[in-house]
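The values are calculated or read from the model by the stated rules, or taken from the named source; none is laboratory data. Because the structure is a prediction, the values reported are computed rather than measured. Ideal geometry is used to build each Cβ from the backbone, glycine not excepted, and the neighbour counts take in all protein chains shown.
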Amino acid sequence: MIWARMFAPWPSVCSAKHQGMALCVVHATRDSVSAGDDIDAPHEFTFEIEQTASLHELFRQIGNARYLANVAGQGHHWHAAIGGELVATFSANNRMPGPSLRLGTPISQWMTQGKIDLNFTYVSATY
């Protein structure tokens with residue numbers, strides 16, 4: 001089960017308990033995809049998820065929130081990195097990353113002091 005909530009400012013507690021479950025704070029950022037998208041910059045999304053969750057569950061939460069920008073066309077993708085390590089690739093406007101054995105990995109592998117910093121880099125189409 002995933003417990004998520006949006007935070008206005010960065011939460012003062014890096015890890016919390018909700019009904020006895022240890023939670024991880026995920027702070028996601030993403031690139032702007034156009035000048036019009038810059039209006040809402042910086043693009044940040046912060047939420048809590050159980051520390052035992054997998055990368056798949058973390059990305060499902062981000063997909064459900066429709067955090068990544070939709071971009072017209074094909075051939076573009078997003079790289080998802082935690083601590084500079086590429087952990088997944090999202091093709092075009094897919095809400096979930098491409099298949100990977102890593103998606104079953106517990107997020108606790110990347111946690112530091114109860115939090116994860118996740119960055120999405122936009123890679124435009126090349127023809």
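Tabulated values for the structure
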{"read-out": "Of residues in segment 1-49 being small (Gly, Ala, Ser), closer than 18 Å to Ile62 by Cβ and modelled with pLDDT of 80 or more, the one surrounded by the most Cβ atoms within 10 Å (Cβ to Cβ)", "value": "Ala28"}
{"read-out": "Some residue of segment 70-79 being at pLDDT below 95, among the aliphatic types (A, V, I, L, M) and not in a loop (DSSP other than H, G, I, E, B)", "value": "no"}
{"read-out": "Search result, residues across segment 92-107 that are surrounded by 14 or more Cβ atoms within 10 Å (Cβ to Cβ) and among the hydroxyl-bearing types (Ser, Thr, Tyr)", "value": "Thr105"}
